[in-house]
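In what follows, a structure is listed as structure tokens, so that the remarks can point back to it.
Computed from the coordinates by the stated procedures, all read-outs in this text should not be read as laboratory data. This is a predicted model, so every value here is computed, not measured. In this analysis, Cβ positions are derived from the backbone assuming ideal geometry, glycine residues included, and neighbour counts consider all displayed protein chains.
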Amino acid sequence: MSPLLVGWQNNIPGMENPPLESQNDVASRIARQTLDRRRPDYTDEVRRLIDAGRTVMRRCGTDSRPRVADIVAEADLSNEGFYRHFASKDALVAAILDDGTERLLSYLAHQMAKESTPEDRVRRWVEGIVSQAADEESAAATLAVLWNAASLGQTMAASHTSTSARLATLLRQPLVDLHGVDPELDAELVTHAVVGRLNDLLWGRQKPTRAETDRLVSFCLAACAPRRGPEARSCPDGGKAGV
């Protein structure tokens, strides 16, 4: 390109060159269009890295941590492709944990929506969580991801809402419908209990039994039941608590 064309701005007589701000708007628009054209490719790359990371983690189990080289080989990408999307291996582990949590939340919400009573929605929620330990392959993959996620640095871990907190959000409305004393706190406590039991099952390489699941559901519903009648007494702060 000639120097004349490179330096051209606006040579129409009597017309001022457009302000720099306007020129920047054009440049930004073209840049956004370029990124929009590339986005499908980048989405595919990220998905391949997340799936590959999960596969390699499952292969390594709880004996060793996957290397970036192993993950990019599984994804058929390069190190450059990896670091284009993730600043570190911890960042990928956090993304895999988030991805798994989103899938579980979607599954639980779908199952709960099938029920018309809050009791049955709570049952579906409990069953959906402990079922993560029912299938041997899925249980092994889940355990491997959780084991790797436990090594996340404090800064990385703090930037991601905990899985338990996100699961608890699905319980709040059913517990409100059950007229519990404190549905938000109850949801958090029940979540800790059920997720804790899931961790025990995963680490023990055990499958939940029907009797155990039923007992867990009954426990959660009883713990969140409203306190009424003579068993309720006044607390020092004026509230109510069970004897």
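Mean separation of Cα pairs under 8 Å and 6+ residues apart, divided by the residue count of segment 39-91: what relative contact order is that in percent?
Values: 28 pairs, mean separation 18.6, N = 53.
Averaging sequence separation for qualifying contacts and normalising by length gives 35 percent for segment 39-91.
Multiplying the sequence separation of residue 27 and residue 214 by 0.36 nm and subtracting their Cα-Cα distance, what value in nm do you get? Spell out each step's value before the answer.
Working: separation 187, 0.36 × 187 = 67.32 nm, distance 6.14 nm.
Between residue 27 and residue 214, full extension yields 61.2 nm more.
Please give the residues of segment 67-86, grouped as numeric ranges, whose backbone N is less than 13 Å from a label point set 7 Å along the Cα-to-Cβ vector of residue 51.
In segment 67-86, the label zone of residue 51 (backbone N under 13 Å from the point 7 Å along Cα→Cβ) covers 74-77.
Treat the count of other C-beta atoms within 10 Å as a stand-in for reagent exposure and order 78, 164, 131 from fewest to most. Please list the in-between numbers first.
Values: 78 11, 164 15, 131 19.
So the ranking, lowest neighbour count to highest, is 78, 164, 131.
To make sure I understand, if each residue's beta carbon is the centre and we count other beta carbons within 10 Å, what order do 224, 60 fall in, fewest to most?
Numbers: 224 23, 60 16.
Lowest to highest Cβ neighbour count: 60, 224.
Obtain the nm distance between the two label points defined at residue 173 and residue 137 by a simple spin-label model: each point lies 7 Å from its Cα along the Cα-to-C-beta direction.
Taking the two extended label points, one gets 3.4 nm.
Work out how much length residue 107 to residue 165 would gain on full extension: take 0.36 nm times their residue separation and subtract the Cα-Cα distance, in nm to one decimal.
The residue 107-residue 165 span can extend by a further 19.2 nm.
List the residues of segment 125-155 whose backbone N lies under 20 Å from a point placed 7 Å from the Cα of residue 88 along the Cα-to-Cβ direction.
So the set is 145-155.
Using alpha carbons only, how many angstrom separate the centre of segment 114-135 from the centre of segment 31-108?
Result: 29 Å between the Cα centres.
Rounded to whole Å and ordered largest first, report the semi-axes of the equivalent ellipsoid of segment 94-227 derived from its Cα gyration tensor (root of 5λ). Display every interim value, and only then the final one.
Values: eigenvalues 120, 63, 34 Å².
Computed over segment 94-227, the values are 24, 18, 13 Å.
For residue 193 and residue 44, compute 0.36 nm times the residue count separating them, minus their Cα-Cα distance, and round to one decimal in nm.
50.0 nm
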